[in-house]
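Here's the structure, in structure tokens; my notes come after.
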Amino acid sequence: MFYKKNILGICAAFALACVSTTAFCQNKKVDKALTYYNSGEYEKSREMLTKLYAKTKDRAGKGKISFYIGECSRKMSDARNAERWYRKAVQTKYNNPLATFYLAESLKMRGNYEDASAMYSQYRDLVPDDKRGEQGVADCETAMEWVKKPTRYVVYPARLFNDKESDFSTAYGVDSCEIYFTSARESATGNEKNANSGTAYTDIFYSVRDKKGKWSIPVPVQGAINTGYDEGSPFVTRDGKTMFFTSCKNIKNTNLGCRIYVSQLSDENIWGTPEQVVLFADSSVSVGHPCLSPDERTLYFSSDSKNGMGGKDIWKSVRQGKNSWSTPENLGGSVNTDGDEVYPYAAADGSLYFSSNGRGGMGGLDIFKYYTKDGVTKTENMQYPINSSGDDFGIVFYQNLQRGYLSSNREGSRNDDIYAFYLPPIEVSIEGVTRNDATTVVITDAVVKLTGSDGTQLETKTDNTGTFRFKLAENRDYMFVSTKTGFLKGIGKETTKGLTENTILKMEILMTPINQVVEVENIEYDFNKANLREESKVSLDQLVELLNINNNITIELRANTDFRGSDEANLELSQKRAKAVVDYLVSRGINADRLKAKGMGEGAPVKVSKKLAEKYPFLKEGDVLDETFINNLTSNQDKEICHQLNRRTEFAVLRTDFKESGIPFGAEED
């Protein structure tokens, strides 16, 4: 019995020793894998950690390994595997709350905004002082709204430039008939994989467009630019003879960082030996993603300099000589954040485009536009579909037009792919109706003529519902003139300036029967005075337009008073008021021979129309606002309203055969 117990004890001690030895060995292997991780060799680190995960039995160890496999995947822009391994870390209750945060980030990068929002909420509860949790929830809500209501941009794969490997970061060459881009395809120079990204090393390729607009099969640039390491992010000057690009070297598993180089094109179309563009005195600082301003005097680039705002920032440097540049200047908080800002592009209109993962957005890197308008600087997310849940970066524009290329690993991409985009014209149309101003009944078969500020002239007829339709162009002013026998011409105005989305405009053109006495609304006078109020001149300016467009009519201006005062005084006052209106119209260019002033005194009180009855509940259609009616009202306020309604100005058409030279904008001769 004693012997047996001792044997069991010895066996148990031996087993414990084996477990301890195994755990020790496992920990050493994990530490080695993390050494690769810390040196940026994410592919090698992930491969080792994945094998160790299968052999690890304890929950805490699995949680830690899961987290770092997720970290490797995230840094390699592999959102699918990042989500998988962060989820495992969270499920094992790994004690680092960043596992929850990065799981939310990975879900967002895969477009799963609802689940991502839930994980951001969990992270907010775990770390309430970190604003990224609350911001993540808001970003998910915004992204879902942007997907529901996209901008007008159209984005589609540029299939000719894309291979099964990564293709990204385009640049236009001379006359925009050349395209340069970065690619890891099999025909690239390097045969090994980048230890950081796990992908093949990249080279710079180019394609040429022929006279028919067809692009040639992409080939590597000729000359000394491409090496066995990473070259990419090209920028070519307008004359096509100078290329700036990024080169990142890894020698003996040592990451030497990235540098910007410049190369000149020879007469034989061979790119010469690159020369490094020295920007920082500290050689350990990485720089990349070069682009020049439209005048080619300022160099914009991305750098991880410790003097920045965190992560990678956008900097600028001014040319001092052939390859000499001023001390770099950080673009500051309007552009940079504590995240990464990369791939700047200086557009012809002065705007700066760049990508950032530090400003919130739809997921991963989003493309932003930084510009100044009316003295105010703005930084705006380009929204969906320029941006997606994945990484979106490297935007360039074709000349001054709203089209070009961008790079993305969005859903449907094989790796990083090149996408073309364009902004189609805004589709604007107008749907209007013509109505009888006196009865509001629609007017059918009226001729409606459109005149645009660009000289466009179109004509149509209203249908059996009184409706007319036109298609309109962007950034134009339009006048619409409606004509029908027995009516004065009607006028309508509209503009498409400032519209940013497809729009159907609505319009109503009122046409007055020629035999109708028309009130000029909002012409008001103070009690017992003939002076026009300033607000009355707005309505009279509309009458000027009506007279200009109906340049064949002669009218009588009739001014009316309320019944207070003597008949003689009211008649004299009304004549002065009518004369004041005529004088104003003449001052606005209307021929005095077309105008007659007539004072009506108090002898023509208002007969209440349907429109007035709807506006004033105490009145009924058909009421006549004479002295008896007004005196029977109990409210002094209602009485004053009736007095004001009687103090009106009207016009009646006397003749339709007046002739004068000069046709104003939008008008026509009979």
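Results, tabulated for the structure shown:
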| item | result |
| --- | --- |
| Separation between Cα centres of the stretch 376-404 and the stretch 441-455, rounded to whole Å | 40 Å |
| Mean Cβ count within 10 Å, highest first, over the residues of peptides 515-524, 496-505, 54-63 | 515-524, 54-63, 496-505 |
| Accessible carbon and sulfur surface of the chain relative to its total accessible area, %, 1.4 Å | 49 percent |
| Angle between the chain longest axis and helix 113-126 axis [Cα atoms, degrees, rounded to 10] | 70 degrees |
| Cα-based helix-to-principal-axis angle, 79-91 vs the chain, degrees rounded to 10 | 70 degrees |
| Virtual paramagnetic centre 7 Å along Cα→Cβ of Asn330, amide N under 15 Å, in the stretch 106-134 | none |
| Protection proxy ranking of 602-612, 222-232 - average other beta-carbon atoms within 10 Å, highest first | 222-232, 602-612 |
| Measure of compaction for the stretch 55-185 (Cα Rg per 2.2 N^0.38 Å) | 1.35 |
| For the stretch 345-361, Karplus couplings with θ = phi - 60° (6.51, -1.76, 1.60), whole Hz, Gly/Pro x | 8, 8, 7, 5, 7, x, 6, 10, 9, 7, 10, 8, 10, x, 10, x, x |
| Reduced Cα scattering model of the stretch 460-582, Debye log10 I(q)/I(0), q = 0.10, 0.12, 0.19, 0.23 Å⁻¹ | -0.47, -0.63, -1.10, -1.35 |
| Within-13-Å neighbourhood charge of Tyr120 [Cβ basis; K, R +1; D, E -1] | -4 |
| Surface accessible to a 1.4 Å probe, per residue, for the residues of the chain, Å² | 51 Å² |
| Spread of Cα-to-Cα distances over 20 Å intervals beginning at zero, given as percent, for the chain | 14, 32, 21, 21, 10, 2, 1, 0 |
| Paramagnetic reach from Lys596 in the stretch 626-659 [backbone N under 16 Å; point 7 Å along Cα→Cβ] | 650-659 |
| In sequence order, calculated HN-Hα J values of the stretch 281-292 (Karplus, 6.51, -1.76, 1.60; Hz; x Gly/Pro) | 5, 6, 6, 7, 6, 8, 9, x, 6, x, 7, 9 |
| Stretchable slack from Gln320 to Lys241, in nm (0.36 nm times residue separation minus alpha-carbon distance) | 26.5 nm |
| Extension reserve of the Gln91-Leu505 stretch, reckoned as 0.36 nm per residue once the Cα distance is removed | 143.6 nm |
| Pairs of lysines in the stretch 562-657 (C-alpha under 18 Å apart; 8 or more residues apart or interchain) | 11 |
| Helix axis angle, 2-38 relative to the chain longest principal axis, alpha carbon, degrees | 50 degrees |
| His289, His643, ranked by accessible area, largest first (probe 1.4 Å) | His289, His643 |
| Amide hydrogen neighbours beyond the local backbone of Ile395, cut-off 5 Å, H modeled | Ser407 |
| Stokes-Einstein translational diffusion, the stretch 405-493 - Kirkwood Rh over all Cα pairs, 0.692 mPa s, 37 °C, in µm²/s | 205 µm²/s |
| 5 angstrom amide H check on Val433, placed H, neighbours 5+ away | Phe468, Met507, Glu508, Ile509 |
| Förster radius 56 Å - calculated FRET efficiency between Asn528 and Lys373 (Cβ-Cβ, nearest 0.05) | 0.60 |
| Integer Hz, Karplus 6.51/-1.76/1.60 couplings in order for the stretch 561-568, x for Gly and Pro | 10, 7, 7, 6, x, 6, 4, 5 |
| Under 26 Å from Lys88, Cα to Cα: lysines that are on another chain or at least 8 residues apart | Lys28, Lys29, Lys32, Lys44, Lys51, Lys55, Lys57, Lys62, Lys64, Lys75, Lys108, Lys131 |
| Charge context of Asp366, other residues only, Cβ under 14 angstrom, K/R +1, D/E -1 | -3 |
| Per-peptide average of other Cβ atoms within 10 Å, ordering 437-446, 302-311 highest first | 302-311, 437-446 |
| Reachable aspartates and glutamates from Lys149, criterion Cα separation under 13 angstrom, eight or more residues apart if same chain | Glu141, Glu501 |
| Debye equation applied to the C-alpha atoms of the stretch 228-380, log10 I(q)/I(0) at 0.12, 0.14, 0.17, 0.18 Å⁻¹ | -0.52, -0.70, -1.02, -1.13 |
| Sparsely packed GluC sites (Glu not before Pro) within the stretch 413-468, loop by DSSP, other Cβ within 10 Å at most 14 | Glu427 |
| Set of aspartates and glutamates with alpha-carbon distance to Lys506 below 12 Å, sequence-local pairs under 8 removed | Glu431, Glu494 |
| Label-point gap, in nm, between Asn307 and Thr656 - each point 7 angstrom along Cα→Cβ | 8.1 nm |
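The values are calculated or read from the model by the stated rules, or taken from the named source; none is laboratory data. No experiment lies behind these values; they were computed from the predicted model shown. Because the Cβ atoms are built from the backbone with ideal geometry, glycine has one as well, and the counts that use them run over all protein chains shown. What goes into the accessible areas is simple: the full protein's heavy atoms, side chains included, and nothing from ligands, DNA or RNA. Shrake-Rupley method; radii C 1.70, N 1.55, O 1.52, S 1.80 Å.
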